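See below for the structure under consideration.
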Amino acid sequence: MFYLLLIIIIAYGVFFCRAAEFEDESTWIWGGLSVAISAVAFFWLGCGWLGISLGQAGLFAGITIFRILRKP
């Protein structure tokens, strides 16, 4: 089960890195935030894949709202 969660964390990290490339933003920041949120949800809070997925959805919503408010 641990390896499945590790693969899920890596997949979300790659997704956010690719999304940052598409948006012409820093891949290190987006990918790092994704991995950090996943690590906090799994190791510190003890959540499984559902908690990791909800954390990633929150990150996606946060980035979306930030970019909407930042655009002129």
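Just so you know, all these numbers are worked out from the coordinates, no wet-lab data involved. Everything numeric here is computed off the predicted structure, so don't read it as measured data.
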Problem set entry | Structure-derived Rg/Rh (Cα atoms, Kirkwood Rh): which label, when the choices are (i) 1.08; (ii) 1.01; (iii) 0.92 | (ii)
Problem set entry | Within the chain, helix-based [θ] at 222 nm, where runs of 4 or more DSSP H residues each add -39,500 (n - 2.57), nearest 500 | -27000 deg cm²/dmol
For this session: Kindly point out which whole DSSP H helices in the chain project their C-alpha atoms 24 angstrom or further along the helix axis while averaging a Kyte-Doolittle hydropathy of -0.5 or above.
Result: 2-23, 49-70
